[in-house]
Amino acid sequence: MLFDQTQRAISQQLTNLCTQFLPQLVETRREFARIGEDLDTAAVKNAQVSRHKAGEAERASHLLLATRKCYQHFALDYCLQLNTFKTQQRLDILNSVFSFVHAQFTFFHQGFDLLRDLEPTMKTMAAQLSQLSTDCAAKRKDLENSHLLVQQRDASGEPLVSPCPESDDIIQGYLFKRSRRKSKTWKRCWFSIRDNQLFYRKSHKVHLSDDLIVKTAASRGEQQL
């Protein structure tokens, strides 16, 4: 809309000014110059005619008088068109500038109205971003603490125990298990010790009900594992 209004405000108005006034003004100027040449010719003939020839002198005088009147008429007409063009030019240019400024005003005013309608959403989003920043900071702190704890335990040589939430697992992790089939291939399975028993499943994402009991683990065996 802004581009369209700018085109109409500047391009179309100035184009109309040039197409409506300039062609007629150029034609009047051309005709004015031609009549000026005719006036010069009539003046020269009137000056050169012999006064002893009364008829030719009278015709030359009448031709000079008629040409001078025609020249004066076109001079006034040409002056009128020039003044009209200058006045219309100022008017159209000022109208173009005003229309352009008004188009800019409308554009930014509509943008302000749209952004003002978004103000409640922006406030809600700001609150969400603030909460998200707080959560991210807390999560980063937890991760840093966990990383520090792992480094401390690794330095002390203590075993890493990672109990599963809502379970009584003592230790868990991935181990390779040899298949009972003839191929005797090794498969990576998720093992855990819970209630003094060793369980395994394909992945730690599998539901606990899919666990397979391998054997009953003694306390000593749990420490060795």
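The values are calculated or read from the model by the stated rules, or taken from the named source; none is laboratory data. All of these numbers come straight from a predicted model, not from anything done at the bench. In this analysis, Cβ positions are derived from the backbone assuming ideal geometry, glycine residues included, and neighbour counts consider all displayed protein chains.
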Practice problem: Please identify the pairs in which a residue from the stretch 74-101 that is closer than 22 Å to Glu31 by Cβ has its Cβ atom under 6 Å from the Cβ atom of a residue that is of a type in the set (A, V, I, L, M, F, W, C), counting only partners at least 6 apart or on another chain. | Solution: Phe74/Phe32; Phe74/Ile35; Tyr78/Phe32; Gln81/Leu25; Phe85/Phe21; Phe85/Leu25
Quiz item: Just one of the numbered conditions (1) modelled with pLDDT under 80; (2) not in a helix (DSSP H, G or I) is not true of Arg153; which one?
Solution: (2)
Self-check item: Of the criteria (1) surrounded by 13 or more Cβ atoms within 10 Å (Cβ to Cβ); (2) farther than 23 Å from Arg8 by Cβ, which one Ala103 fails
Solution: (2)
Quiz item: Of the residues Arg51, Arg8, which single one is in contact with a helix residue (DSSP H, G or I) (Cβ under 8 Å, 6 or more places away or on another chain) and closer than 24 Å to Ser99 by Cβ?
Solution: Arg8
Quiz prompt | Breaking point among (1) within 36 Å of the chain's Cα centre (by Cα); (2) in contact (Cβ under 8 Å) with a residue 12 or more places away in the chain, for Asp135 | solution = (2)
Quiz item: Here is a list of conditions, (1) touching a residue at least 24 places away in the same chain (Cβ under 8 Å); (2) under 30 Å from Met1 (Cβ atoms); (3) among the acidic types (Asp, Glu), and Asp113 meets all of them except one; can you say which number that is?
Solution: (1)
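If a residue must be surrounded by 11 or more Cβ atoms within 10 Å (Cβ to Cβ) and either of a type in the set (A, V, I, L, M) or in contact with a Ser or Thr (Cβ under 6 Å, 6 or more places away or on another chain) (or both), how many such residues does the stretch 82-99 contain?
Going residue by residue through the stretch 82-99, those that are surrounded by 11 or more Cβ atoms within 10 Å (Cβ to Cβ) are 82, 84-86, 88-89, 91-93, 95-99.
This time we only want the ones that are either of a type in the set (A, V, I, L, M) or in contact with a Ser or Thr (Cβ under 6 Å, 6 or more places away or on another chain) (or both), so: 82, 91, 93, 97.
Number satisfying all stated conditions: 4.
Being acidic (Asp, Glu) and loosely packed, with under 12 Cβ neighbours inside 10 Å is the filter here, so list the residues in the stretch 1-36 that pass it. Lay out the reasoning, then the answer.
Step one: of the stretch 1-36, the residues acidic (Asp, Glu) are 4, 27, 31.
Correct list: Asp4, Glu27.
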Exercise. Spot the failing condition for Ser99; the list is (1) within 30 Å of Ser192 (Cβ to Cβ); (2) modelled with pLDDT under 85, and only one is missed.
Key: (1)
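Of the residues that make up the stretch 114-132, is at least one of a type outside the set (A, V, I, L, M) and surrounded by 12 or more Cβ atoms within 10 Å (Cβ to Cβ)?
No, the stretch 114-132 contains no residue that is of a type outside the set (A, V, I, L, M) and surrounded by 12 or more Cβ atoms within 10 Å (Cβ to Cβ).
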Practice problem: Find the residue count for the stretch 41-63, including only residues that are loosely packed, with under 12 Cβ neighbours inside 10 Å and either assigned to a helix (DSSP H, G or I) or in contact with a strand residue (DSSP E or B) (Cβ under 7 Å, 6 or more places away or on another chain) (or both). | Solution: 5
Self-check item: Within the stretch 62-77, tally of residues that are more than 20 Å from Phe21 (Cβ to Cβ) and aromatic (Phe, Trp, Tyr)
Solution: 1
